[in-house]
Amino acid sequence: MERQWDLENQVRRFLTNMQPVRTVADRFSFVEEPAYDVLFHLQSEQVCDWDISGFDQLVNCRVRKEPMCLKARLSLKKDSFKFDFDLLCLSDGEEVPFGNVIEVLFKNRNYLRIGSDFVRIPTTTLLGLLKGIGQSKDSARPLYQALSILHALETHEIEIEADQGFQDFIHKIHHFRELPPLKIPSSFKGELREYQKEGCNWLMFLREYGLAGILADDMGLGKTIQALTLLLTHYANGKGDRAPSLVVAPTSVVYNWLSEASKFTPALKTALFLGRDRGELLAKLNKDGAGKPQVIFTTYGIIRRDYEQLKNIQFEFLILDEAQNIKNPESVGAIAAKSLKAFHRLALSGTPVENRLKELWSLFDFLMPDFLGAYKDFNEVFERPIEAGLDGAGQKLRKIVHPFILRRLKSQVEKELPDRTDIIHLCELDDEQRSLYLDVLDECRAKVFPEIAMKGIKRSNFSVLAALLRLRQVCCDPRLLKSPTDKPVNQSSKLDALVNMIGEIVDEGHKILVFSQFVEMLAIIRKELEKNGYTYEYLDGQTPAKERLDRVERFNATPEIPIFLISLKAGGTGLNLTGADYVIHYDPWWNPAVENQATDRAHRIGQTRHVFNYKLITRGTVEEKILALQQKKKELADLVIGGDESVAKELTQEDLEFLFSF
C-alpha cells in the first residue's frame, strides 16, 4: 500500500493550526474551544474527502454540524411611532435565548452549550451587527431607526421576517409619491404646484409615522408655503385641543412668515413671540384652556434667550426655517432648539450642508436624536471616510438619510421659471491699485507664513483670515483698509466698473440687486449712486425686521427705484425680490451656496424674465483665486444630499500658498 504523503501533511498542518495542547508523534490533544473548533471543521465540506470516524463515540463533546443562524423579526407599532425588533438565535430549529448568546460572546468564546451539545455562534456577524444597530433592553425601537437597522441586517445577510404593517411603512417611505393625494382644506387661499403637493404629501407621511425630516428644496420653490399647508391641514383635521406649533426663523424673515400665513392660510390662528411683551404670550401658553394661537413665529435670538422657559411647553410642531442656523451642535442656538419639546420636528434649509458633514449630523440630532448615532461614531464611520474620498462611504450615508431629505431643484420641477445666466465680469486694477495690492500682499506673506511655520495652520487662523480680508478690501476699494498704507489710494477700478454697468442696465429699463458682504463698501456705493442721481433701496443688518418687508414691496412695485443695495448676510435669505432681473455680486464669498441663496432673491417663483447673475472679480488677485477654490472644493454636499451646490472645506497649506501667490 502506498502512503499518501501530501494528504497526510495536509491533515497534520490542519491539526497543528488548531492549537493542540499536546502533540506526540501523530497524536494531537485538544481541550475546550480548540477542541470544539476541530470537531466543527471536521464536519465541514472542506474535509469531505477525508475518512473521519469516532463522532458517534463522543458524549460530552458533541458539536453540531450547522452553526447557529440569526433571524430578525420586525413588526410595526404605529400608534406609538415605534416598531418591535427581535433578533432570534436558532440552532437545529430550536430558539436559543439571546441573553445566553450575548454572555458567551462577551466572554470571547465561540461556542454555546445547548444540553449535551455545543453550537458555534456567528461571532463576527454578531459583533458587526450589534455595532450597527446598537443594544437596547427594550425590543421597541423608534421608527426612524428602521432603515439603519434594515441596512445593517441586509449587510450581514440576516434573514428578515416583517409583518404587513412594517412592510407597508418601508414601501411608503421609498415611494411616497404613490400615496393618495393630500386633501387640502378649502380654507387654503392659493394654488399649489404639483411638486408642492408632493412635498405636502411627504410632510404628512412623516407626521403620520412620527418621523422628522429636512425639506431642502432649492431657494424660491416655496418651502414656507408647503410648511404652512402642512400646519393648516394638521389643525383642520384635528380636535380643538391640539398644542400650538412653533416656527423659528431668522429675524430677517420672521415677518415674512406672518405675511405668508395671512395671505395663504388665514384660518390659522397665529402670533409673534417677539419684543418686550412676549411674556404675556408665554403666560398664556403655560396655562390650560382655550384661546391659544395655533402657530407661533419667533427668532433664533429669542429662543437662545428664552429656551429655559420655552422648554417647559409642549408644542405640536417645531419647525426651523433656515435650519443651517443650528449647524454647530455646540452653539447656544442648537442647544436651545434641541431642548424644546415637540411631537413633530421639521427643518427647512436650501443648504443643509454648507461646509462640513458635521452640520448634517447636527440637523438630524435635532430632528431624530440617535438616528445617526453619537457624533464621534458618525465622524469615524462617515465624515472622515467621505472627506478622505473612500469609495462607498458617501453612498452608504445617502442611503440612510435619503428618505428623510426631500430636495427638488428648479431645473427638475419649475419649467416655467426663466433661465438664469451666470457671468464672471473681470475687472482690471489700475496701476496705483495694483501697486497697493502687491504691497499689501508682501506684508501678508511676511506675517502669515512665518506664523504658520511656528504655530501651524489651525492656530494661525485669525492671522490668515485677517490677511485675506485686507487683500479682498484692496480689491473692492482701498478706502476699506482699516490701517491705511503710506500711499493712500482713493480710486477703485471695480467701483468704476460697477457704476458703468448700472448705467447701462438702468438705461435699458432693468432693475438690479447689488450684494456685498462689506457694509462699508455699500456706504461707498451709496455715495456714488447719489452723486449720479440714482434712486435706490438699501438693506443691511441694522434695518428693522418690519421695515425690511416695506422696502422689498416698495422696490418690487416701483419702476422708479431701479437699484437695491443689500448686505449679503442680512439679505441673502428670505426676501422675495422678483422685481429685479439683474443681480450683481460686488465681492465673492467663500461659500458659493451663500451667493446662490442671494441670487435666488430674484431667480425664484414669480419671476417672469431672464435673470442675469454677475460676479465682479478683479483679475490676478485673491478674488480670482477664491473663485478657483470654489470649483476645486465641490464634492461634499453633492455626494450625500444629491444636487446641493458646491461646498468649501477648510483651507490647507496648499490652498494658502495659492491664495497668497503673486
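The values are calculated or read from the model by the stated rules, or taken from the named source; none is laboratory data. Here the structure is a predicted model, which is why all the values come from computation and not from measurement. Note that we place each Cβ from the backbone using ideal geometry, even for glycine, and neighbour counts take in every protein chain shown.
Which residue pairs have Cβ atoms under 7 Å apart, sit 6 or more places apart or on different chains, and have a first residue in region 176-191 that is surrounded by 15 or more Cβ atoms within 10 Å (Cβ to Cβ) and at pLDDT 85 or above and a second that is in a loop (DSSP other than H, G, I, E, B) and of a type in the set (Ser, Thr, Tyr)?
So the pair list comes out as 188/265.
Out of the residues in region 527-557 that are in contact with a Phe, Trp or Tyr (Cβ under 7 Å, 6 or more places away or on another chain) and at pLDDT 95 or above, which is nearest to residue 273 (Cα to Cα)?
537
I'd like to know if region 562-579 contains one or more residues that are modelled with pLDDT of 90 or more and touching a Pro at 6+ places or on another chain (Cβ under 9 Å).
Scanning region 562-579 turns up no residue that is modelled with pLDDT of 90 or more and touching a Pro at 6+ places or on another chain (Cβ under 9 Å).
Would you call residue 124 closer than 30 Å to residue 34 by Cα and without any contact (Cβ under 8 Å) to a residue 12 or more places away in the chain?
In short, yes.
Go through region 533-559 residue by residue and tally those that are touching a residue at least 40 places away in the same chain (Cβ under 8 Å), more than 17 Å from residue 514 (Cβ to Cβ) and surrounded by 12 or more Cβ atoms within 10 Å (Cβ to Cβ).
The total comes to 2.
Look at region 13-29 and say how many of its residues are of a type outside the set (Val, Ile, Thr) and exposed (fewer than 13 other Cβ atoms within 10 Å of the Cβ).
7
Every residue in region 516-528 that is within 15 Å of residue 472 (Cα to Cα) and either free of Cβ contacts under 8 Å to residues at least 12 places away in the same chain or outside any helix (DSSP H, G or I) (or both), please.
516, 517, 518
Let's see how each residue does on (1) under 11 Å from the mean Cα position of the chain (by Cα); (2) touching a residue at least 24 places away in the same chain (Cβ under 8 Å):
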residue	(1), (2)
373	no, yes
379	no, no
391	no, no
401	yes, yes
405	yes, yes
413	no, yes
420	no, yes
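Determine whether residue 582 is modelled with pLDDT of 80 or more, under 30 Å from residue 191 (Cβ atoms), touching a helix residue (DSSP H, G or I) at 6+ places or on another chain (Cβ under 8 Å) and not assigned by TED's automatic domain parsing to the domain that holds residue 353. Can you show your working first?
On the way: modelled with pLDDT of 80 or more: yes; under 30 Å from residue 191 (Cβ atoms): yes; touching a helix residue (DSSP H, G or I) at 6+ places or on another chain (Cβ under 8 Å): yes; not assigned by TED's automatic domain parsing to the domain that holds residue 353: yes.
Here the answer is yes, as residue 582 does meet what is asked.
Would you confirm whether or not region 408-419 contains a residue that is in contact with a Lys or Arg (Cβ under 9 Å, 6 or more places away or on another chain), acidic (Asp, Glu) and either surrounded by 21 or more Cβ atoms within 10 Å (Cβ to Cβ) or within 30 Å of residue 470 (Cβ to Cβ) (or both)?
no
Here are some conditions: (1) surrounded by 12 or more Cβ atoms within 10 Å (Cβ to Cβ); (2) aromatic (Phe, Trp, Tyr); (3) out of contact with any helix residue (DSSP H, G or I) (no Cβ under 6 Å at 6 or more places or on another chain). Residue 50 meets all but one. Which one does it not meet?
Failing condition for residue 50: (1).
Filter region 131-162 down to the residues that are basic (Lys, Arg) and surrounded by 14 or more Cβ atoms within 10 Å (Cβ to Cβ) and list them by number.
Within region 131-162, just 141 meets the criteria.
Being in contact with a Phe, Trp or Tyr (Cβ under 9 Å, 6 or more places away or on another chain) and crowded, with 20+ Cβ neighbours inside 10 Å: is that true of residue 206 here?
Yes; evaluated as a whole, the condition is true for this residue.
Taking residue 461 as meeting all but one of (1) free of Cβ contacts under 8 Å to residues at least 12 places away in the same chain; (2) more than 16 Å from residue 657 (Cα to Cα), write down the number of the exception.
(2)
Quick one: how many residues across region 88-130 are buried (at least 18 other Cβ atoms within 10 Å of the Cβ) and aromatic (Phe, Trp, Tyr)?
2
Taking the conditions exactly as written (within 24 Å of the chain's Cα centre (by Cα) and either crowded, with 19+ Cβ neighbours inside 10 Å or modelled with pLDDT of 85 or more (or both)), does residue 232 satisfy them or not?
No: the conditions fail for residue 232.
Specify which of the listed residues (371, 366) is at pLDDT below 90, of a type in the set (Phe, Trp, Tyr) and outside the structural domain of residue 149 (by TED's automatic domain parsing).
371
Looking at region 529-556, which of its residues are assigned to a strand (DSSP E or B) and among the aliphatic types (A, V, I, L, M)? So that I can check it myself, show each step before the final result.
Going through region 529-556, the residues assigned to a strand (DSSP E or B) turn out to be 536-539.
Of everything in region 529-556, just one residue is assigned to a strand (DSSP E or B) and among the aliphatic types (A, V, I, L, M), namely 539.
What is the residue count in region 362-404 for residues that are in a loop (DSSP other than H, G, I, E, B) and either crowded, with 17+ Cβ neighbours inside 10 Å or touching a strand residue (DSSP E or B) at 6+ places or on another chain (Cβ under 8 Å) (or both)?
Here the count works out to 5.
Which of the strands (runs of 3 or more DSSP E) contained wholly in region 39-97 include at least 3 residues that are closer than 30 Å to residue 206 by Cβ and assigned by TED's automatic domain parsing to the domain that holds residue 164?
Answer list for region 39-97: 69-77, 82-91.
Those residues that are in a helix (DSSP H, G or I) and not acidic (Asp, Glu), I need them from region 441-457; list them, please.
Scanning region 441-457 gives 441, 444, 445, 446, 447, 448, 449, 450, 452, 453, 454, 455.
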